[in-house]
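Taking it in order: structure first as structure tokens, then the write-up.
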Amino acid sequence: MTVLVTDGHLPYPFGREMTGYEVPDLAATLKKAQAAGVTVLVPPFTSDGRDAALVQFPGGYVAEIHASAAR
């Protein structure tokens, strides 16, 4: 379980993502994305049965990329 406690506003970049993408291998996807100029805003973390990271594409597009966590 992940719990965020705030003053009602999620801390940047949470709440700014425009969409999410599920991928089979998060580490490999992030490596390819970084090679293409993507910035990792929040490094990979595990929560609620999945591994996730928040990234920003060139031009400012923010997205969550996630994969099922290894069990």
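The values are calculated or read from the model by the stated rules, or taken from the named source; none is laboratory data. All values reported here derive from a predicted model rather than from experimental measurement. Here Cβ is always computed from backbone atoms with ideal geometry, including for glycine, and neighbour counts include all displayed protein chains.
Scanning the stretch 43-67 for residues that are touching a residue at least 24 places away in the same chain (Cβ under 8 Å) and of a type in the set (S, T, N, Q) yields a total of 2. Quick check on the stretch 41-57. Is at least one of its residues modelled with pLDDT of 95 or more and part of a helix (DSSP H, G or I)? Looking for residues that are modelled with pLDDT of 95 or more and part of a helix (DSSP H, G or I), one finds none in the stretch 41-57, hence no. Modelled with pLDDT of 95 or more and in contact with a strand residue (DSSP E or B) (Cβ under 6 Å, 6 or more places away or on another chain): does that describe Pro24? For Pro24, the condition - modelled with pLDDT of 95 or more and in contact with a strand residue (DSSP E or B) (Cβ under 6 Å, 6 or more places away or on another chain) - is not met.
The set of residues in the stretch 27-40 that are exposed (fewer than 13 other Cβ atoms within 10 Å of the Cβ), in a helix (DSSP H, G or I) and either of a type in the set (Gly, Ala, Ser) or under 11 Å from the mean Cα position of the chain (by Cα) (or both) comprises Ala27, Ala28, Ala35.
A Cβ distance below 7 Å, combined with a sequence gap of six or more or placement on separate chains, defines the contacts here; from the stretch 26-42, residues that are at negative phi and free of Cβ contacts under 8 Å to residues at least 12 places away in the same chain reach residues that are of a type outside the set (Phe, Trp, Tyr) and surrounded by 12 or more Cβ atoms within 10 Å (Cβ to Cβ) in the pairs Gln34/Val40.
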